[in-house]
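Right, one structure below, let's go through it.
Since every read-out is calculated from the coordinates, none of them should be taken as a lab result. Please read all numbers here as calculations on a predicted model, not as lab measurements. A quick note on method: Cβ atoms are made from the backbone with ideal geometry, for glycine too, and the neighbour counts reach across all protein chains shown.
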Amino acid sequence: LAITSRGVRVIEFNARFGDPETQVVLARLKTPLAGVLLRAATGTLADQEPLAWRDEAAVTVVVASHNYPGTPRTGDPIEGLAEVAERDAPHAYVLHAGTKRDGDRIVSAGGRVLSVTATGTDLTQARERAYAAVGRIRLDGAQHRTDIARKAAEDAGSTGV
């Protein structure tokens with residue numbers, strides 16, 4: 001979605017599990033996804049109860065490798081993942097996209113390396129948690145956007161929503 005002078009507009013619809021746009025939505029899904037997928041696969045989706053959603057807000061930030069979106073550098077060790085799991089769970093977690101094991105290490109293996117998803121009582125808290133978790137991750141040459149959900153959080157704060 002994009003907020004334009006004409007209001008909210010759909011610019012792209014992503015539904016793959018690897019898309020950050022899907023990951024952030026699934027963070028709020030309360031209904032067990034496995035049951036929904038089973039019903040879809042067996043043709044009984046019409047029997048599915050309405051989906052239940054958490055009231056929390058969610059934010060997902062992608063951590064990309066050096067030189068992304070050009071030719072990404074791969075093979076760089078990723079550190080700090082255990083820190084996120086220990087210090088930020090259950091409100092923030094890391095989803096692997098462009099990673100692989102190299103012995104005992106996790107290393108970059110693509111452009112979009114990780115997605116960090118966090119939840120909170122509002123967008124401001126979810127955003128703070130996501131960026132705190134991103135800050136614990138160490139990947140040489142990593143890059144990430146710093147503006148994810150900023151405007152929406154500011155707008156929500158100014159209206160008291």
Taking GLU21 as the residue in question, decide whether it is charged (D, E, K, R) and either out of contact with any Phe, Trp or Tyr (no Cβ under 9 Å at 6 or more places or on another chain) or part of a loop (DSSP other than H, G, I, E, B) (or both). no
Those residues of segment 2-29 which are surrounded by 11 or more Cβ atoms within 10 Å (Cβ to Cβ) and touching a strand residue (DSSP E or B) at 6+ places or on another chain (Cβ under 7 Å) amount to PRO20, GLN23, VAL24, ALA27, ARG28, LEU29
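Each row is one residue, and each column tells you yes or no for (1) in contact (Cβ under 8 Å) with a residue 12 or more places away in the chain; (2) closer than 19 Å to VAL25 by Cβ; (3) crowded, with 18+ Cβ neighbours inside 10 Å.
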{"position": "ALA132", "(1), (2), (3)": "yes, no, no"}
{"position": "GLY141", "(1), (2), (3)": "yes, no, no"}
{"position": "ASP147", "(1), (2), (3)": "no, no, no"}
{"position": "ALA153", "(1), (2), (3)": "yes, yes, yes"}
{"position": "GLY157", "(1), (2), (3)": "yes, no, no"}
From LEU81, LEU37, which residue is out of contact with any strand residue (DSSP E or B) (no Cβ under 7 Å at 6 or more places or on another chain) and surrounded by 11 or more Cβ atoms within 10 Å (Cβ to Cβ)? LEU37
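What number of residues in segment 98-125 are within 11 Å of the chain's Cα centre (by Cα) and among the aliphatic types (A, V, I, L, M)?
Number satisfying all stated conditions: 3.
Looking at LEU33, LEU26, LEU1 in this structure, which one is without any contact (Cβ under 8 Å) to a residue 40 or more places away in the chain and over 28 Å from ARG101 (Cα atoms)? Lay out the reasoning, then the answer.
Working: LEU33 fails: over 28 Å from ARG101 (Cα atoms); LEU26 fails: over 28 Å from ARG101 (Cα atoms).
On inspection, the qualifying residue turns out to be LEU1.
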Enumeration of residues in segment 40-78 that are out of contact with any Ser or Thr (no Cβ under 8 Å at 6 or more places or on another chain), surrounded by 12 or more Cβ atoms within 10 Å (Cβ to Cβ) and aliphatic (A, V, I, L, M): LEU45, ALA64
